[in-house]
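A.B. asks: The following block contains the structure, expressed as structure tokens.
The values are calculated or read from the model by the stated rules, or taken from the named source; none is laboratory data. All of these numbers come straight from a predicted model, not from anything done at the bench. We place every Cβ from the backbone using ideal geometry, glycine too, and count neighbours over all the protein chains shown.
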Amino acid sequence: MIRVSDITAYLKCPRMCYFLNNGHELIKEPNVDYVQRLLLKELALTYGSALMTGDTLSALNNELDRVSEEIRVIYRSELAGVDDSALANAASGVRNWLGDICPNLSYDFYALPCESDTALRSDKFGLAGSPDKLITIGDELVPSIIKAGSMPENGVWKSDRVQLTAYAILVEAIYNRVVTRGFVEYARWGTVREVTIKRHERRSVLQLRDRVRKIKEGFMPEKPRDAPCERCGFKGICDVKSTLASRFF
Ligand code: SF4
């Protein structure tokens, strides 16, 4: 079974996908940027309920206090090397963004009924994963993902589009209905962008699934020229020579 997260790892770097599938743990340096992303991701799950209170800024400040208290329970290993003052410093940075986030939050979007973290699995397609939300709009089921990183000037990042397309394929397989769109919630700005699910990306998801399957069978892909090695937690083990077979992969 290929997970949608395997496909997103492949898009970052195929070798990263190889290491993750061969028992290596990705060590991320817990710098302030990383901790802020974790806090934002959790906080974004409360944007809807904060909006409904009528005083969004106060509600998000309270939620941020709660999230700061509870975040270690959710991200135990990721935050193991982060002391309390570093966590407080990261939370203070997030607090400074709340004034920019609040005016962008859309009542129409956050009032839509949704389920969080619905586990989706299709034996037929050999694919599984959990979108952050599955939103109901009339007869439609629309996957939505929360991203705590940067937001492109227009549209969404390619990896976000592919991830949503993979969830769309899963929703269609399980609920037997057509999915024409998805959403990306860029948490740092409180901005939601709609994505049309396109045919060529459906094809891409199936091709990527097949490539990940080969990696799971033991093929090590070549190092891509534009791989993000500088920031990669695998760079210490990534000088492994590729096999002859992988060159034809
Ligand atoms: S070190 Fe570079 S090539 Fe190796 S897994 Fe990381 S990003 Fe990919």
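A.B. asks: Among the listed residues E153, E222, E201, E172, which satisfies the condition of being acidic (D, E), more than 18 Å from V4 (Cα to Cα) and either surrounded by 12 or more Cβ atoms within 10 Å (Cβ to Cβ) or touching a residue at least 12 places away in the same chain (Cβ under 8 Å) (or both)?
C.D. replies: Unique residue meeting the criteria: E222.
A.B. asks: Just name the residue that is surrounded by the fewest Cβ atoms within 10 Å (Cβ to Cβ) out of those in region 85-112 that are assigned to a loop (DSSP other than H, G, I, E, B) and touching a residue at least 60 places away in the same chain (Cβ under 8 Å).
C.D. replies: It comes out as A111.
A.B. asks: I've got another one for you. Could you grab me the full set of residues in region 13-36 that are surrounded by 17 or more Cβ atoms within 10 Å (Cβ to Cβ) and charged (D, E, K, R)?
C.D. replies: R15
A.B. asks: Now for a different question. Which of the residues that make up region 216-236 are within 8 Å of the ligand (Cβ to nearest atom) and aliphatic (A, V, I, L, M)?
C.D. replies: Scanning region 216-236 gives a single hit, A227.
A.B. asks: Next question, about the same structure. Considering only region 231-241, I want to know if a residue exists there that is more than 19 Å from the chain's Cα centre (by Cα) and either assigned to a helix (DSSP H, G or I) or modelled with pLDDT of 95 or more (or both). Walk me through it before giving the result.
C.D. replies: The initial filter retains those residues of region 231-241 that are more than 19 Å from the chain's Cα centre (by Cα), namely 234-241.
Those still in the list that are either assigned to a helix (DSSP H, G or I) or modelled with pLDDT of 95 or more (or both) too: none.
No.
A.B. asks: Within the set of pairs 6+ apart or on separate chains, which have a first residue in region 113-127 that is outside any loop (DSSP other than H, G, I, E, B), a second that is among the charged types (D, E, K, R), and C-beta atoms under 8 Å apart?
C.D. replies: Taking only residues 6 or more apart or on different chains, the pairs are C114/K133; E115/K133; S116/D132; S116/K133; L127/R3; L127/R121; L127/R209.
A.B. asks: In addition: Considering region 90-132 alone, what residues qualify as being touching a strand residue (DSSP E or B) at 6+ places or on another chain (Cβ under 8 Å) and β-branched (V, I, T)?
C.D. replies: Residue satisfying the conditions is T118 alone.
A.B. asks: Which of the residues belonging to region 2-56 are in contact with a strand residue (DSSP E or B) (Cβ under 7 Å, 6 or more places away or on another chain) and within 16 Å of the ligand (Cβ to nearest atom)?
C.D. replies: Within region 2-56, just S5 meets the criteria.
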